[in-house]
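J.: First the structure, then my questions, so here it is.
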Amino acid sequence: QVQLVESGGGLVQVGGSLRLSCAASGSIFSINAMAWYRQAPGKQREWVATITNSGSTNYADSVKGRFTISRDNAKNTVYLQMNSLKPDDTGVYYCNADTRQGYYRTRFDYWGQGTQVTVSS
């Protein structure tokens, strides 16, 4: 099992910045990659960014060039630096852990409780 705790959300004006944190604990050795997702009111949850164990990163087109995902292995923490925020970035941001378990390395996903980000115009 992996436990994920997010923090860092809040209210920010258009063009502002926020940094989200996601602290992982438990069976962290099973983590293959970490990601951030978000869910706006009335919309489906959407993928935002991923960082793999090798450090490779990938971003949704909507945040590319504005958001940066990074990690601190010593702290078992993943960050999402969000700059030039827009009203469309408003939503609940969820941390995700892609774990591989067992002989066949079956994928199991774990989720944090979410943190609210509100961008006001």
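Throughout, read-outs are computed from the coordinates displayed, never taken from laboratory work. None of the values given here were measured: they were computed from a predicted structure. Note that we place each Cβ from the backbone using ideal geometry, even for glycine, and neighbour counts take in every protein chain shown.
J.: If we only count strands (runs of 3 or more DSSP E) wholly inside the stretch 42-121, which ones have 2 or more residues that are out of contact with any Phe, Trp or Tyr (no Cβ under 6 Å at 6 or more places or on another chain) and over 20 Å from Gly8 (Cα atoms)?
T.: Here the list reads 57-59, 91-101, 106-111.
J.: Continuing with this model, one more query. Among Leu18, Leu11, Leu4, which is the only one that is on the phi < 0 side of the Ramachandran plot, surrounded by 14 or more Cβ atoms within 10 Å (Cβ to Cβ) and more than 12 Å from the chain's Cα centre (by Cα)?
T.: Working: Leu11 fails: surrounded by 14 or more Cβ atoms within 10 Å (Cβ to Cβ); Leu4 fails: more than 12 Å from the chain's Cα centre (by Cα).
From the options Leu18, Leu11, Leu4, the qualifying one is Leu18.
J.: Within the stretch 18-36, can you find the residues that are in a strand (DSSP E or B) and in contact (Cβ under 8 Å) with a residue 60 or more places away in the chain? First the steps, then the outcome.
T.: We begin by selecting, within the stretch 18-36, every residue in a strand (DSSP E or B); these are 18-26, 31-36.
Result: Leu18, Arg19, Leu20, Cys22, Ala24, Ile31, Asn32, Ala33, Met34, Ala35, Trp36.
J.: For the stretch 21-43, name all the residues that are charged (D, E, K, R) and either surrounded by 15 or more Cβ atoms within 10 Å (Cβ to Cβ) or within 16 Å of Thr99 (Cα to Cα) (or both).
T.: Selection gives Arg38 alone.
J.: In addition: Identify all residues within the stretch 80-91 that are surrounded by fewer than 18 Cβ atoms within 10 Å (Cβ to Cβ) and either free of Cβ contacts under 8 Å to residues at least 40 places away in the same chain or within 11 Å of the chain's Cα centre (by Cα) (or both); write none if there are none.
T.: Gln81 - this is the single residue of the stretch 80-91 that is surrounded by fewer than 18 Cβ atoms within 10 Å (Cβ to Cβ) and either free of Cβ contacts under 8 Å to residues at least 40 places away in the same chain or within 11 Å of the chain's Cα centre (by Cα) (or both).
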